[in-house]
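Please read the structure below before turning to the comments.
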Amino acid sequence: MAEISEEPPNPIPPQPQHTHQPSESTIRKAKPGLKRLTLTLSVLVSFIFAFPFLYKSVEIHRAPLPFREIDSLSSQIGSSNNHPSLSFPCHFQAIFVNFNNSNAETLESLIFDELTKLTSNTTSQCSTLSVKLVNSGPIWSLIGAVDFGNGDESVDEALAGVLGGEKVYSVVVVKGKSEEVKGVVGKYRHGWVVGRVSEVEAAERVAEMFVKVFVNGGKEEGFIHGEFMPVGADGRIVLSFNLLNSNPHDWVYDWDFQAIDDTLLAPIIKALGPVANISVESQVLYHTPKSSFSFWDDKRKGYIFSTKDLPFFVNSNEWHLDTSIAAGGRSKILQFVVYIPSAKECPLLLQLPNGEISKTNGFISPMWGGVIVWNPQGCLKDSESQHPIRQTISRQDLQKVFEVFMGQFRQLFGLKSDSHYFGSSGTYSLLASEKGFSEWELDFLARRHTCFNLHSCATTLGSLSRLVQSLPRMIIMDEIGKQVKYSLEAANLAQRNASLGLYDASAVSSRQARSLAEDAFFHPSIMSVSYYSFEHCFAVYSPFFLPVSMHVLLAALREWRRYKIENRKYLAWKAEVKKNS
């Protein structure tokens, strides 16, 4: 039997020893190029450097504004026009004649008590009162030589020669034998009281004349307030005088306006120069009927229209009054109309609420002007012709008409149109000035307009400041910055002039301050641009620039990462070659 033999298993062959060889994926025998990386980074850098230019292209030019100075002015002027924090020094002197047995200290104490009583419950334009009592000296001697029994005009001129050297409000009290006490306020800065008065009554009259007349301008309740002053925002007033022929088929009237302008209006315009820049124009219109109705009154032998008809008297459809090109911008136009009625309603008379016929036959409309109804003499038609003869209003009638206009003009400025002031201590006669306004009235208007203009300036600049700060994308031109700067300088100058008692200079500076503030606020560059916020700008540009910028940034990061990987491969290959060698 044959033996079965097993074949021994094959021996395990020895494993060959391999040396480590770098693969193609981990090595790089060539240095990576910088072309792709440079190209990608150049695109990214161009985007980065283009961002400031993009921001500059959408940047809004904003001139710097002095916000702190504006806030300081607003706090100084105050938020109320009725209580302006302005310092107007007012100097006052009382001169007593024939008070031989009176004590000067007693009189001075009585006057101060009355002044305190009158100024405690009211707002006074004069924050600084300086009272001087004169009962001896050269001035007292000169005034004692004045004959107060002459006419008021003569006494006024005589006192002006003695007291007219300084801007001091003076009241002369002459103790006489007459029981009737007479009080007169002159055309300058003085007044006088003559009669048998006691020390207490004299102190009351002196204090009332100083506070109620010289300081407050004789203004009573119901007069036009400061916010309704008939002066434009640019400090200009255009006086437009209009002669209206209701029906030229009945009669045609003309006027010599140039003569009135030279003789009557020129002194008024010069006197009001510090308060407003006034210009004058005139025109004659035809076919201008009124809108209201009138009725015949047999008792008065005329056609009557009452005060209830005044709102409908002015016919805005037929009266084409606004024809001036000189009143452009923010100037104020005051219309003064002489209305000549037709023959069918002549004479036309204005009936007052008390049933009486108006002596002036005219009325005013605040902030608009005034109207006077002038009836031709006899109210007789010239002829039945369709072309009546042109007539001219006589110089006497025209002067009477302009005297009424002067009273209306004074009322529009908040002053009295009559010649009397009725006070608590008595009645005072007010002498009329050839200039239309007495010197103490001009002082009152200057102080009042200074307060109103500075308050308006502070309000306008404050509104501009809040508007600019609330709109970051608002364009502020350099011209606006200059106007605001000059407005603040003029306002500060007006305050300094007011504190020094320079009423006219303060009025002029305050008018400039208000005009410049209005020019800055209503600058055309502000009114013509639609402003938007920065979020709106971002929402407009981000849909384009944000995706592109993200792609460029990601591409640069990816290319930088690829370059670093390839560079490591190259460095690994160099190290391997160096090791093997």
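The values are calculated or read from the model by the stated rules, or taken from the named source; none is laboratory data. Because the structure is predicted, anything quoted here is derived from the model rather than measured. Ideal geometry is used to build each Cβ from the backbone, glycine not excepted, and the neighbour counts take in all protein chains shown. Protein only, heavy atoms only, side chains kept; ligands, DNA and RNA dropped before computing areas. Shrake-Rupley method; radii C 1.70, N 1.55, O 1.52, S 1.80 Å.
Structure notes:
- Taken along the Cα-to-beta-carbon direction at a fixed 7 Å, the label points for Glu479 and His287 span 4.2 nm.
- Pairs beyond 28 Å (Cα-Cα), from Lys270/Lys400; Lys212/Lys290; Lys35/Lys574; Lys31/Lys579; Lys219/Lys359; Lys167/Lys219: Lys212/Lys290
- Set of aspartates and glutamates near Lys117 by C-alpha distance (under 12 Å), chain-local residues within fewer than 8 positions excluded: Glu204, Glu208
- Of Arg562, Arg447, Arg568, the order by accessible heavy-atom surface (1.4 Å probe, DNA, RNA and ligands excluded), from most exposed downward, is Arg568, Arg562, Arg447.
- Calculated FRET efficiency for the pair Lys344/Ala432, C-beta based, R₀ 35 Å, to 0.05: 0.40
- Around Ile269: net Lys/Arg minus Asp/Glu count, Cβ-Cβ under 14 Å: -1
- Accessible surface of Cys457 - all protein chains present, 1.4 Å probe, nearest 10 Å²: 0
- Excluding same-chain neighbours fewer than eight residues apart, the aspartates and glutamates reachable from Lys301 by a Cα-Cα span under 19 Å are Glu345, Glu356.
- Centre-to-centre, using Cα atoms only, the stretch 237-257 and the stretch 183-218 are separated by 43 Å.
- Relative to the Cα centre, the charge distribution of the stretch 247-383, modelled as +1 at Lys and Arg Cβ and -1 at Asp and Glu Cβ, gives a dipole magnitude of about 420 debye.
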